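First comes the structure, then the notes that go with it.
The values are calculated or read from the model by the stated rules, or taken from the named source; none is laboratory data. Please read all numbers here as calculations on a predicted model, not as lab measurements. Heads up, the Cβs are rebuilt from the backbone with ideal geometry, glycines too, and the neighbour counts pull from every protein chain shown. For accessibility, only protein heavy atoms count, side chains too; no ligands or nucleic acids. Shrake-Rupley method; radii C 1.70, N 1.55, O 1.52, S 1.80 Å.
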Amino acid sequence: MKIRTILLTGGLVLLGACSESKYDLDQLVPEEYHKILYVNNSGKQEVTLYDTDADNLYTLSVIKSGSDPSLTAAATIRVLTQSELDAEYSIPEAVNYKLIGEDAYSLAATSVDFSSADRYKLVEIALKPQVVKAAMESNPDAVWVLPLKVTSETDSINADKDELFLKLKAVITPAIGFADPTLVVQQFQYGSVSTIMQKVKFGLDTNNLWELEAKLVVDNDYIQEYNLDYGTNYKALPEGTYTVPETAALPVGTTTLELEISINGNQLTPGDYMLPVRVAEVSQFEIAEAKAVYPLAIRIMGNKLDRTGWTAEADTEELTGEGAGNGVAGCVLDDNLGTFWHSTWQTGNRIPLPYELIIDTKKEYTFTQLALMQRQHDTNRDTKAGEFYISSDKENWTKVGTFSMQKILEAQTFAVTPTKGRYVKIKMTESFRDGYCSLSEVYVYGLE
């Protein structure tokens with residue numbers, strides 16, 4: 001018998017309150033409501049299968065409820081036929097639902113019997129990913145499903161919750177890799193750090209039912225590729241300055257773990273370093289391509305150099321339009337965030353990009369980083385990108401790095417290839433506001 005709506009709450013409350021009532025349970029509650037069966041996780045459920053040799057398990061839960069769930073009950077679980085599937089789902093929804101073949105699944109039980117003490121029964125459905133995958137590939141326009149229905153010859157079934165409609169969304173291969181391989185630069189001051197410890201999350205992208213092992217290597221070739229792609233200046237950590245696990249084991253039940261990487265900071269001179277840890281081999285499944293490398297990046301900052309006595313010049317300056325003493329090259333060295341250098345817009349002839357700003361540090365240093373600050377203005381933060389050069393004689397220049405700025409007020413630090421020289425050239429090649437560039441301050445880092 002199917003039951004769709006039950007409105008017995010008031011009667012059941014009355015029964016509980018009137019313990020001396022002359023009415024017994026059968027007089028208050030019709031017999032068909034004494035025990036009612038239903039599917040707990042009924043309705044449409046999307047399922048993603050993992051492409052392994054093992055069956056993927058899904059659990060069907062049948063609940064026994066009603067006014068007297070202590071009674072025994074029995075139910076049958078069956079799969080809808082294709083014609084039933086079409087009549088109930090495909091035609092009304094105008095969707096090409098296809099029933100997967102009997103070789104693609106198995107039910108642990110097709111019937112369940114409830115004792116007086118049982119309140120629910122669990123039935124495992126074993127889905128065979130290889131067979132399902134083959135069906136999907138043979139007819140990719142179809143939506144492959146497994147529709148199950150719970151019925152009973154003797155007991156009432158809630159007709160609103162009597163079916164489980166498994167919609168097989170995809171069959172994917174589990175992948176192993178680093179949880180978050182985003183490059184984040186950790187910054188340290190030269191001479192002030194001994195050991196750098198980094199914990200890196202690593203694991204599988206699904207619940208782990210297997211004994212897995214991965215081989216890890218340091219892939220220094222990745223650094224060159226990264227530098228070419230992003231215009232950076234990372235270099236490999238010297239041999240002997242780091243410790244990386246050679247393997248990572250994921251036992252059954254462990255989906256993720258933390259790998260410990262250590263770096264001896266005492267042995268590092270100023271500069272930008274990268275330690276690219278790559279998953280080289282796995283005992284099963286695939287290596288997640290986008291998560292195969294963890295690019296551990298650190299920046300050892302040189303000393304912030306004293307700018308006393310330094311001078312600056314530019315091939316374009318605004319001599320009057322920004323107010324007396326403002327807009328000129330020397331403003332980037334005056335420790336006053338209210339002043340700034342600006343390319344010509346009112347005085348002189350406006351020239352097209354690129355613009356060049358040259359700083360004379362008066363003696364030679366080994367330069368390691370430069371920090372630039374945008375004009376401290378609500379909207380006009382113009383400089384976007386450019387290049388850095390170093391020279392000892394102001395004639396022969398060595399390109400040591402590039403920069404790409406954000407439209408923020410804070411200082412933005414950029415690494416350069418550590419290079420000895422006296423002159424620093426900032427060549428601006430792109431602007432957020434075409435035809436204009438400006439900078440509030442320029443800071444230089446390095447070693448004497």
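Computed quantities for the displayed model
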quantity	calculated
Heavy-atom surface of the chain, accessible at 1.4 Å and reported per residue (Å²)	50 Å²
Those lysines that a straight Cα-Cα span of less than 24 Å connects to Lys425, excepting residues fewer than 8 apart in one chain	Lys235, Lys304, Lys362, Lys363, Lys384, Lys394, Lys399, Lys407
Loop-located chymotrypsin sites (Phe, Trp or Tyr not before Pro) in the range 84-178, at most 14 other Cβ atoms within 10 Å (DSSP)	none
Inter-centroid distance (Cα atoms) of the range 403-448 relative to the range 205-231, Å	32 Å
Asn336 paired with Glu88, simple spin-label distance in nm, labels 7 Å along Cα-to-beta-carbon	8.2 nm
Percent accessible area from carbon and sulfur atoms, the chain, protein chains only, probe 1.4 Å	47 percent
Inter-label distance, nm, simple model (7 Å from Cα along the C-beta direction), Glu364/Asp160	8.6 nm
Exposed-loop-free span, longest in the chain, where trypsin sites (Lys or Arg not before Pro) count as exposed if DSSP calls them loop and at most 15 other C-beta atoms lie within 10 Å	120-349
Net charge, Val400 excluded, C-beta distance under 10 Å - Lys, Arg +1, Asp, Glu -1	+1
Spacing of the two label points (7 Å from each Cα toward its C-beta) at Ala280 and Asp306, in nm	5.0 nm
Lysines whose Cα lies under 23 Å from that of Lys215, excluding same-chain neighbours fewer than 8 positions away	Lys199, Lys201, Lys291
Cα gyration tensor category, rounded, prolate or oblate, for the range 227-269 with a/c compared to 1.5	oblate
Loop GluC sites (Glu not before Pro), the range 134-171 (other Cβ atoms within 10 Å of the site Cβ: 11 or fewer; DSSP)	Glu153
Rounded, prolate or oblate (a/c below 1.5 giving rounded, otherwise prolate when a/b exceeds b/c) for the range 311-447 by Cα gyration tensor	prolate
FRET efficiency for Ala249 and Glu32, using Cβ-Cβ distance with R0 set to 45 Å, rounded to 0.05	0.20
Debye intensity ratio I(q)/I(0), log10, the chain, q values 0.07 Å⁻¹ (C-alpha model)	-0.65
5 angstrom amide H check on Leu216, placed H, neighbours 5+ away	Thr247, Ala248, Ala280
Pairwise FRET efficiency - Ala109 versus Gln187, Cβ, R0 = 51 Å, nearest 0.05	0.25
Residue-span extension gain [Glu239 to Gln45] - 0.36 nm each, minus C-alpha spacing	64.6 nm
Cα pair distances exceeding 23 angstrom across the range 175-301, given as percent	33 percent
Gain upon complete extension [Asn380, Trp210; 0.36 nm per residue less C-alpha separation]	55.5 nm
Summed residue charge, Cβ within 13 Å of Asn326's Cβ, Lys/Arg positive, Asp/Glu negative	-3
